[in-house]
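Contents: one structure, followed by commentary.
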Amino acid sequence: MANTPAQEEFLAITRKSQEAVIAAINTWVEAVKTTTSKLEPLTDKLPKAPSFGVPFADKLPGREETVASAYRLAEQVLANQRRFAEDLLKMMTPLMPGRVESTPASSPTESVPVSHAPADVPAGPAAKSTAARTAAKSTAAKSTAAKSTAARPVRKSTAAKSTPKGTAAS
């Protein structure tokens, strides 16, 4: 996938900033090297710093290995984050208005996301079929009937017995 002009500009600015930092540090290193070589004869007259050993220092990774390890970890974390974001986007797409995409038939091992949208709201191309329209009208009629009977008091035992099982639209 090609970068957008804004991404290209961001990358160019980032690289220029990095080059400026590298140039500044290089100038500083050269200045320190030049200065220390001139001061070297004087260092013999300075008091010696006590020497001490760091326990297990020989077991610590080197600089290059540390940088490589840190970037390997960062790459893995970024790859995991990308997979997570892509999976989340796939799951949320059917809920985004105007973003309904047709999906291929799922395999038995693949889970299919369940839409919790009301039956009278079109859920995509399948909702345009006659069967889907009939189911939506039927659900709307049941909803209207339920609203009209809601004003009457109903005993709990009667309501539990009269509720049909499996009324959800497929």
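Remark on the range 1-72: ratio of C-alpha radius of gyration to 2.2 N^0.38 Å is 1.86.
A simple rule links phi to the HN-Hα coupling: the Karplus curve 6.51 cos²θ - 1.76 cosθ + 1.60 with θ = phi - 60°, which for the range 80-92 gives 5, 5, 5, 4, 4, 5, 5, 5, 5, 5, 4, 5, 8 Hz, with x for Gly and Pro.
Since every read-out is calculated from the coordinates, none of them should be taken as a lab result. Because the structure is a prediction, the values reported are computed rather than measured.
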